[in-house]
Amino acid sequence: MNGWCILGLVLAALALLLAVPVGIQAAWDGAPVVKVRAGPFRFQVFPGREKKEEEPPKEKKKDPSKKKKKKRGISLEQVLYSLQKLPPLAGKLLRLTCRGLRVDPLLVHIMVAGPDPADAAVLYGRLYGAIATLLPLARELVPIRHEDVTLRLDFEKSALEAEADVGVYLRLGHLLGIGLVAAGGGLLWLLGFLKRSKPPKAEPEDQTENESAKERTEESKSA
């Protein structure tokens, strides 16, 4: 009985872990601030702590005796294969991401202003058209919580003012599922891509060595 209880606790803990939201939250209030979200915790990643100036690494001298690795060229067959396989994989990953993606919050406040009232009015009209087009599309693609998008026009101020706070996140389980699909599809594409690779190009030194080897074999046969 104790074994079943332990198994149930492990499965419950795993389910809770997979339901934890992870994502990024970016804010702007005169300066950018980027935080990483993991459940109720948030960790600021930008701006980070100032690092001490490190001494530049010493340049390593190249050894002329070492031969350069032969590079394989990309064939037309590889390009056609990639154009056939990668777009469906990218579309599948995009659909999976949109299914699990959540936006919380979406706070954008813009005060349009400028030294020239006519230019400010033109900018206001363009921003209004962009928001009126993109915001309904975003609502259809992903759920949005705590939405507050405002756009205002002020002829008295001389500079544009903006504040924003946008967070996007996925459940950890959904993120792992996307990673598995990307890893599996990417591995299959890579194997097919490598199968269609060109043989490495012969370098001038290799060509001269091959020619000298042929001359030696011919000389030995004639002798």
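Quick note: the coordinates plus some simple rules give every number you see, no bench work behind them. Only a predicted model underlies this, so the values are computations on that prediction, with no experimental measurement involved. FYI the Cβ positions are ideal-geometry reconstructions off the backbone, even for glycines, and counts take in every protein chain you see.
Using the Cα gyration tensor of the range 75-162, with a ≥ b ≥ c the square roots of its eigenvalues, what is the shape: rounded (a/c below 1.5), prolate (a/b larger than b/c) or oblate (neither)?
Numbers: a/c = 4.19, a/b = 1.98, b/c = 2.11.
Note, shape of the range 75-162 comes out oblate.
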The local net charge around residue 167, scoring Lys/Arg +1 and Asp/Glu -1 for residues other than residue 167 whose Cβ lies under 12 Å from its Cβ, equals +2
extent check for the range 95-137: Cα max minus min per principal axis, descending, whole Å, gives 45, 18, 12
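Taking neighbour counts of Cβ atoms within 10 Å as a proxy for exposure, in what order, fewest first, do 163, 140 appear? Intermediate results must be reported in sequence, preceding the final value.
Details: 163 14, 140 7.
Going from sparsest to densest Cβ surroundings: 140, 163.
Cβ under 9 Å from residue 28's Cβ, residue 28 left aside: what net charge do those residues give with Lys, Arg +1 and Asp, Glu -1? It would help to have the intermediate numbers written out before the result.
Details: positive: none; negative: 29, 163, 165.
In short, -3.
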Other residues with Cβ under 15 Å from the Cβ of residue 115 give, with Lys and Arg +1 and Asp and Glu -1, a net charge of -4
